[in-house]
Amino acid sequence: AAPEMVKFEAVGASKNVALITLNRPKALNALCNQLMTELRDLLQRLDADKSIGAIVITGSERAFAAGADIKEMKDREFSSTYSSRFLEDWCAVSDVNKPVIAAVNGFALGGGCELALMCDIIYAGDKAQFGQPEINIGTIPGAGGTQRWARVAGKSVAMEVCLTGERMGAQEAKEVGIVSKVFPAAECVPAAIKLGEKIAAQSPLIVQMCKEGVNRAFETTLREGLHVERRLFHATFATVDRKEGMRAFAEKRKPQWKAE
Ligand code: HXC
């Protein structure tokens, strides 16, 4: 069946950037099971689609996503929540090989903030609000909030955000390192698409290897991470695109990437 809660469009001059729009406006894009299943299926399909070089995820001007669906969660019991490994499948978003950019306007709260943090790069509109309000409803972040805030913004900021449930504006989110750039709201998505185009113009193979390297920094020790980076770097020497890139430089021309 065609997805209902996520919209997809190929955008950019070469139509090689996938723009995914979360589309459940009545609930401020609350991330119910259906929406997350549709998003996961779409991301998996786009990850395998050779015509796509980067993915942008956005919501509406009012809300990127206001969190997991509280109404869907309210009657859950521990036993089934535990045994069904509730939320484990959200990792699919961080398992995408292609670069994923979040273009955040409005509320990015709870699971919505965690979804943005699973992306590789976050651009924010100036009215964006980030937060982990789970504490206000008697629970805690469950899709990476305690971990990713801590790794990106440090302990003090992570504790404050998670323990108070208070929201943080776009500028502050940039200051603490969650967000890389802030734009006037209407310019956020176009800027994210431009960024996607810039990345999609590189060798898709090398882009994925580079992303794998950066991601390792969040998973391991410096020593292990440096080892992985060096091996990935060595591996680029087995590719057609590395040869082409260096030859093109020496020949003063633009490289023609083959994704090989
Ligand atoms: C279900 C939600 C929702 C949510 C908003 N809505 N957030 N429904 N789950 N997380 C619904 C409202 O019930 C309402 O539906 C409609 O969207 C519009 O929201 P309002 O509250 O009327 O809008 P507003 O007054 O502007 O307030 C916006 C808001 C507020 C500040 C974002 O909606 C809010 O606090 N939402 C909950 C935020 C939150 O706690 N998120 C964390 C969820 S827990 P009706 O039918 O009344 O019009 C979580 C757990 C993470 O994410 C675990 C890992 C995933």
*Working only within region 67-95, note down all residues that are in contact with a Lys or Arg (Cβ under 9 Å, 6 or more places away or on another chain) and not charged (D, E, K, R).*
86, 90, 92, 93
*When the residues of region 64-85 are filtered to those that are within 12 Å of the ligand (Cβ to nearest atom) and acidic (Asp, Glu), which remaining residue is farthest from residue 162 (Cα to Cα)?*
72
_Any residue in region 11-36 that is among the basic types (Lys, Arg) sitting within a Cβ distance under 6 Å of a residue that is at pLDDT 95 or above? List the pairs, counting only those 6 or more apart or interchain._
24/5; 24/35
*Taking residue 72 as meeting all but one of (1) open to solvent by less than 40 Å² (accessible area, probe 1.4 Å); (2) assigned to a helix (DSSP H, G or I), write down the number of the exception.*
(1)
*Scope region 153-179; condition more than 16 Å from the ligand (Cβ to nearest atom) and open to solvent by 50 Å² or more (accessible area, probe 1.4 Å); matching residues*: 155, 156, 159, 160, 171, 172, 174, 175
*Look at residue 244 and say whether it is open to solvent by 60 Å² or more (accessible area, probe 1.4 Å), among the acidic types (Asp, Glu), in a helix (DSSP H, G or I) and at pLDDT 95 or above.*
no
*Give me a count of the residues in region 136-152 that are part of a helix (DSSP H, G or I), open to solvent by 70 Å² or more (accessible area, probe 1.4 Å) and either within 10 Å of the ligand (Cβ to nearest atom) or at pLDDT below 95 (or both).*
2
_Against the definition (within 29 Å of residue 64 (Cβ to Cβ), without any contact (Cβ under 8 Å) to a residue 60 or more places away in the chain, out of contact with any helix residue (DSSP H, G or I) (no Cβ under 7 Å at 6 or more places or on another chain) and outside any loop (DSSP other than H, G, I, E, B)), how does residue 172 come out, yes or no?_
yes
*Answer with yes or no whether residue 182 is under 19 Å from residue 23 (Cα atoms), modelled with pLDDT of 95 or more and either within 16 Å of the ligand (Cβ to nearest atom) or within 18 Å of the chain's Cα centre (by Cα) (or both).*
no
*When you go through (1) open to solvent by less than 30 Å² (accessible area, probe 1.4 Å); (2) outside any helix (DSSP H, G or I); (3) not hydroxyl-bearing (Ser, Thr, Tyr) one by one for residue 127, which number turns out not to apply?*
(1)
*In region 34-63, what residues are open to solvent by 60 Å² or more (accessible area, probe 1.4 Å) and within 16 Å of the ligand (Cβ to nearest atom)?*
34, 61, 62
*Where residue 219 falls short, out of the listed (1) over 20 Å from residue 19 (Cα atoms); (2) modelled with pLDDT of 95 or more*: (2)
*If you take the residues of region 106-118 that are open to solvent by 10 Å² or more (accessible area, probe 1.4 Å) and more than 10 Å from the ligand (Cβ to nearest atom), which of them is nearest to the chain's Cα centre (by Cα)?*
118
*Test residue 55 against the stated conditions and say whether it is β-branched (Val, Ile, Thr), out of contact with any Cys (no Cβ under 9 Å at 6 or more places or on another chain) and either assigned to a helix (DSSP H, G or I) or on the phi < 0 side of the Ramachandran plot (or both).*
no
*So which residues in region 6-33 are farther than 30 Å from residue 203 by Cβ and more than 13 Å from the ligand (Cβ to nearest atom), if there are any at all?*
23
*Out of (1) farther than 29 Å from residue 186 by Cβ; (2) under 16 Å from the mean Cα position of the chain (by Cα), what's the single condition that is false for residue 121?*
(1)
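The values are calculated or read from the model by the stated rules, or taken from the named source; none is laboratory data. No experiment lies behind these values; they were computed from the predicted model shown. FYI the Cβ positions are ideal-geometry reconstructions off the backbone, even for glycines, and counts take in every protein chain you see. Ligands, DNA and RNA are excluded from the accessible area calculation, which covers all protein heavy atoms including side chains. Shrake-Rupley method; radii C 1.70, N 1.55, O 1.52, S 1.80 Å.
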